[in-house]
Amino acid sequence: MKSVALAVEESTPSGIAGAIARLITSGALAPGDRLPTVRELAADLGVSPATVSHAWQALAGVGLIVSRGRSGTFVREEHTAWLPPRSRGLRDANQPAARLDLASGTPDPLLLPDIGPALSRVPARAGTTNYYDVPVLPELERVLRASWPYEVDALTVVDGAMDALSRTLDLVLRFGDRVVVENPGFPPVFDLLEHYGVEQVPVELDEHGIRPESLADALALSPSAIVLQPRTHNPAGVSMTAGRARELATIIRSGRTADQTIVIEDDHSGEISTSPDVSLGSLLPDRVVHIRSFSKSHGPDLRIAAVGGPAELVDRLVARRILGPGWTSRMLQTVLHDLLTDPGTIAGLDLARTTYRERQAALGAALAANGVVMPVPDGINLWLPVNDERNAVVQLAAAGIRVAPGAPFLAAPLTTPGDFVRVTAGLVAEGADALAGLLAAAARA
């Protein structure tokens, strides 16, 4: 095991952890390999066992190694085959708890509405008496249409944003098609498209959304679909402006296969966004499917999303669901309708929206004071540039802070090379100054 000690350039907990992480990433240490004991490595490096123990804790905290008691410590083997590939890269369900988990991308539970009152108003018995009743409660459809960013042709509800995206892609993709995706983007979208056997065409972003010249290059390849996040982009935190939407719509119209390219918009955090509700559907209503989900605003377990678009597509989606789940539970729809119309819940969402913005601003100001200057993102995530992704993740883990590595969010290498980590800044209710110091140090590691 002398080779492990030889790889360590800095005999601090973060230096030792970083060296081991690089050995694992490069393949020099393979899954299942046994590591030296704490005392063995401490003796080889001339440090205290406590120093190595802290490094081991950091590596275990990010899921790279696992202790098996008296048998020793080993490079972790893959035990999450049920997860899609990029989801495995984001989170190992067996990781020990961190002091502060900022890797999840989930909303603050304390800022979610209390659904108890809404549940209490659901009828005691399910009211459906006909399997072929309309799939959307009329009162819910009226509320959704009133808040939609444009007058939509047809609208239905399904079981969450990814369900909506998957069912829409089912209608428009064939094996070998091309799909335009944002880079960076949402990892499950990349996994889903790989499942379909399509070629992903990455387009890059700036502070206003998809860069027009990047989209123009992508459209030259005649894609079947464009998948984008119109606001509170995960992970980048940018939102499409009205001016950028007009530019993108002009480019899409001028494409040689414009009438064959469907735009799918995933508005996953609209209810907690401080950005205007901009959609390409107001400019290309016959080419856009707009998805609005409520997990980030009303609760991750509220598995429901609205889908609006051309009747030809939405009606086919509804007909296909009749042969599967049939419809989204009307009891759940009743709960969503209650949450969307209850004055107390609406006021709570206003507070949540403001609070997330204030937390992002506070962390941004603290980062700037530590030499990391960047725009304040929209939503709950911060896309933090770092010198070395693995070192940053491990160094923060050594401090008890978990962040998400940036690699799973990339469909392809960026034009401007660089590493990133995603930080769920919306969970930082206090201690922004201290956290910013740790983030800035990790970014420079």
Per the filter on the range 195-209, residues hydrophobic (A, V, I, L, M, F, W, C) and either outside any strand (DSSP E or B) or open to solvent by 40 Å² or more (accessible area, probe 1.4 Å) (or both) are V198
Would you be able to tell me the number of residues in the range 138-156 that are under 26 Å from the mean Cα position of the chain (by Cα), farther than 17 Å from P310 by Cβ and crowded, with 21+ Cβ neighbours inside 10 Å? 0
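Has the range 399-407 got any residue that is open to solvent by 10 Å² or more (accessible area, probe 1.4 Å), in a loop (DSSP other than H, G, I, E, B), at pLDDT below 95 and among the hydrophobic types (A, V, I, L, M, F, W, C)?
Yes, the conditions are met somewhere in the range 399-407.
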Of the residues T415, T424, which is within 28 Å of L110 (Cβ to Cβ) and polar (S, T, N, Q)? T424
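I'd like to check something: does the range 409-425 contain any residue that is part of a helix (DSSP H, G or I) and surrounded by fewer than 20 Cβ atoms within 10 Å (Cβ to Cβ)?
no
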In the range 189-234, which residues are among the charged types (D, E, K, R) and touching a strand residue (DSSP E or B) at 6+ places or on another chain (Cβ under 7 Å)? E199, E204, R211, R231
Let me confirm something: among G237, G243, G281, which residue is at pLDDT 95 or above, crowded, with 20+ Cβ neighbours inside 10 Å and part of a helix (DSSP H, G or I)? G281
What number of residues within the range 379-390 are in contact with a Ser or Thr (Cβ under 8 Å, 6 or more places away or on another chain), modelled with pLDDT of 90 or more and either part of a helix (DSSP H, G or I) or of a type in the set (S, T, N, Q) (or both)? 1
Just checking, does the range 230-252 include any residue being in contact (Cβ under 8 Å) with a residue 40 or more places away in the chain and of a type in the set (K, R)? yes
Might you check whether a residue that is within 32 Å of the chain's Cα centre (by Cα) and open to solvent by 20 Å² or more (accessible area, probe 1.4 Å) occurs anywhere in the range 6-13? yes
So for the range 299-309 (the condition being at pLDDT 95 or above and open to solvent by 10 Å² or more (accessible area, probe 1.4 Å)), does at least one residue qualify? no
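Hey, which of the helices (runs of 4 or more DSSP H) in the range 4-68, taking only ones fully inside, have at least 1 residues that are aromatic (F, W, Y) and at pLDDT below 85?
Those helices (runs of 4 or more DSSP H) do not exist here; none qualify.
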Matching option when the condition is more than 24 Å from E389 (Cβ to Cβ) and in contact with a strand residue (DSSP E or B) (Cβ under 9 Å, 6 or more places away or on another chain), among V38, V47: V38
In this structure, does T261 turn out to be open to solvent by less than 10 Å² (accessible area, probe 1.4 Å) and over 30 Å from P107 (Cα atoms)? yes
Scanning the range 235-267 residue by residue, those touching a strand residue (DSSP E or B) at 6+ places or on another chain (Cβ under 9 Å), of a type in the set (V, I, T) and under 15 Å from A218 (Cβ atoms) turn out to be I252, T261, I262, V263, I264
Within the range 332-375, restricting to residues that are assigned to a loop (DSSP other than H, G, I, E, B) and in contact (Cβ under 8 Å) with a residue 40 or more places away in the chain, the one that is least open to solvent (accessible area, probe 1.4 Å) is V372
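The values are calculated or read from the model by the stated rules, or taken from the named source; none is laboratory data. Here the structure is a predicted model, which means the values were calculated and not measured. Methodologically, a virtual Cβ is constructed for each residue, glycine included, from the backbone with ideal geometry; neighbour enumeration extends over all protein chains shown. When the accessible area is computed, the model is the full protein with side chains, heavy atoms only, and any ligands, DNA or RNA have been set aside. Shrake-Rupley method; radii C 1.70, N 1.55, O 1.52, S 1.80 Å.
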